[in-house]
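So the structure is just underneath, and the comments pick up after that.
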Amino acid sequence: MIDKLAIIELDYHEECLDTLCKLLSESSIKVEIYTKKSIYQEVNKDKKYNNLTWYIPKKGESIRKFIKRSESPLNENQVILFNTLASNFFVFSKLNLKPITILRIHNANSYLSPIKNIKFIFSYYSIYKDSSHIFREAFLKLNWLFRRKCIQKMDYLNFPTQEIEDYILSKKMLKPYRHCNSIPLSIVDEEMKIKRRNTSTYNITVIGTIEKKRRNYSLLYESIKTLITKTNQKVNITFAGKVKGKYGKMIIEKFLTLNNINLNIIYFNNRISQSRFDHIMSKTDCIIAPINIQTRYTIYKEEYGKTKASGNVSDITKYRKKGIVPYEYPLSNNEKKYIKQYKNKEDLVNILIDEINENKGIKAEDYIFFSKENVLSSFVTTINSLTKKTHQ
């Protein structure tokens with residue numbers, strides 16, 4: 001049985017680390033977390049995870065020196081889970097880590113099949129940006145080489161969803177014995193009560209910074225424009241993310257031109273705090289995620305739902321909301337209980353009308369698969385199975 005686990009997060013997936021902390025803070029497993037001071041201060045700002053053991057760099061200590069100094073205490077664990085590994089490939093490739101190592105893959109094409117998935121954007125700015133990235137990362141740091149070495153040294157690779165894992169296996173990007181059961185990026189926040197439907201107003205939320213590359217705002221605009229001609233229901237649309245640059249301002253101005261007595265547009269010019277975001281979620285009936293499935297991570301092509309997970313889908317589950325996503329995004333059977341999918345504008349409008357008119361409440365049992373109890377049980381079973389497999 002595993003009773004000592006280390007988690008490493010020295011990059012940027014704070015929300016994923018927070019999920020792991022929630023999951024393991026009351027378990028019997030002794031957990032050590034190796035992270036940066038800024039991440040520690042964000043994740044443990046309320047001191048709610050003080051029962052976990054935190055390791056952060058000393059004042060003035062570089063991340064590289066911190067990693068080297070941490071090799072000895074890391075080796076006292078039975079399992080090491082890399083929540084993210086997006087930098088410091090050279091120093092990690094040189095460590096002699098004795099415990100079982102698991103690497104969480106957030107961008108599968110970039111990490112497992114990078115050469116086949118290089119995607120350039122032909123604009124002056126993008127060519128300059130991509131060229132700088134290649135020169136800095138590939139030639140100066142040799143990250144392509146040391147990242148590959150890190151991956152090869154891992155005992156197991158892990159993916160955010162079973163659907164991503166299945167896709168990777170179908171494309172023969174991964175040897176079957178090198179993967180372990182997926183660990184969800186989020187679990188149900190059971191402290192937040194399920195919202196009761198207010199029949200007077202239907203509250204829609206679109207999560208994330210308003211950027212052209214992230215979401216199809218044009219389709220969303222046309223859908224809402226049609227929706228307000230087909231219903232007398234009052235509708236609030238909250239853009240729960242910073243309005244970024246000229247494009248963000250243009251999108252908000254476009255929605256404001258709809259100017260309908262039953263439509264209210266809410267938006268934010270600055271970054272939203274976590275407490276404000278939680279408040280928005282407490283009032284939300286439905287989260288629409290008009291995701292652009294084709295995307296990029298640095299210079300590599302990725303596909304939401306197939307090679308990387310969407311944080312929007314994780315939030316739908318975490319906050320127990322109805323969700324709407326494009327039909328190209330693969331969902332589990334459990335997620336299909338509360339997430340609907342559209343192919344085009346007509347689909348999206350019809351789904352919204354059905355949701356508004358049906359006035360059905362949210363069923364807690366639809367989200368039970370992602371409860372803390374279930375996910376923890378699956379996590380422990382997975383970790384213990386790796387121990388047995390490794391020592392056979």
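Every number in this text was worked out from the coordinates using simple rules, so none of it is lab data. Since the structure is predicted, the reported quantities are computational estimates derived from the model, not experimental observations. Cβ coordinates were reconstructed from backbone atoms using ideal geometry, including for glycine residues, and neighbour counts include every protein chain displayed.
When Lys and Arg each count +1 and Asp and Glu each count -1, what net charge do the other residues less than 13 Å away from Ile299, Cβ to Cβ, add up to?
Net of charged neighbours comes to +3.
Please give the per residue volume of the convex hull enclosing the alpha carbon atoms of the chain, rounded to a whole number of Å³. It would help to have the intermediate numbers written out before the result.
Values: hull volume 59.3 nm³, N = 392.
Hull volume normalised by residue count: 151 Å³.
Output the direction-averaged projected area (hull surface divided by four) of the convex hull of the alpha-carbon atoms of region 256-333, in nm².
Mean shadow area of the hull around the Cα atoms is 7.5 nm².
What angle, in degrees between 0 and 90 and rounded to the nearest 10, separates the Cα long axis of helix 217-227 from the longest principal axis of the Cα atoms of the chain?
30 degrees
Using amide H atoms built in the peptide plane, which far-off residues or other-chain residues are under 5 Å from Asn158 H to H?
When sequence neighbours closer than 5 places are left aside, the close amide H contacts are Leu103, Arg104, Ile105.
So which lysines pass the test for Lys249, namely a Cα distance under 22 Å, with those fewer than 8 places away in the same chain ruled out?
Qualifying lysines at Cα under 22 Å: Lys212, Lys213, Lys225.
Would you grab the residues whose amide H sits under 5 Å from the one on Arg320? Only those 5+ places off in sequence or on another chain, please, with H modelled 1.01 Å from N.
Counting only residues 5 or more places away or on other chains, the set is Asp189.
Any idea what angle helix 345-358 forms with the longest principal axis of the chain, computed on alpha-carbon atoms, 0 to 90 degrees, nearest 10?
Computed tilt is about 80 degrees.
In the structure displayed, which of Lys234/Lys363; Lys48/Lys336; Lys48/Lys68; Lys244/Lys360 lie more than 30 Å apart, Cα to Cα?
Lys48/Lys336; Lys244/Lys360
May I ask you to derive the relative contact order of the chain, considering only C-alpha pairs under 8 Å and at least 6 residues apart, and to give it as an integer percent?
Computed over the chain, the figure is 17 percent.
Take the Cα radius of gyration of region 1-108 and divide it by 2.2 N^0.38 Å, with N its residue count; two decimals is plenty. Present the calculation step by step, with values, prior to reporting the outcome.
Values: Rg = 13.1 Å, N = 108, 2.2 N^0.38 = 13.0 Å.
Normalised Cα radius of gyration, region 1-108: 1.00.
Can you give the direction-averaged projected area of the convex hull of the alpha-carbon atoms in region 201-369, in nm²?
So the mean shadow area of the Cα hull is 9.9 nm².
Using Cα atoms only, what is the angle between the long axis of helix 14-24 and the major principal axis of the chain, expressed in degrees (0 to 90) to the nearest 10?
Taking Cα atoms only, the helix is inclined about 70 degrees.
With each run of n ≥ 4 DSSP H residues scored as -39500 (n - 2.57), what mean residue ellipticity at 222 nm is computed for the chain after dividing by its residue count and rounding to the nearest 500 deg cm²/dmol?
Details: 14 runs with 145 residues, N = 392.
Counting only the DSSP helices, I get -11000 deg cm²/dmol.
Considering the convex hull of the alpha carbon atoms of region 99-218, report its projected area averaged over all viewing directions, in nm², one decimal. Numbers along the way, then the final one.
Details: hull surface 50.4 nm².
Seen from a random direction, the Cα hull of region 99-218 projects 12.6 nm² on average.
Tell me, what HN-Hα J-couplings in whole Hz come from the Karplus equation 6.51 cos²θ - 1.76 cosθ + 1.60 at θ = phi - 60° for each residue of region 41-54, using x for Gly and Pro?
Once rounded to whole Hz, the list reads 5, 6, 6, 10, 5, 9, 6, 7, 10, 5, 7, 8, 9, 10.
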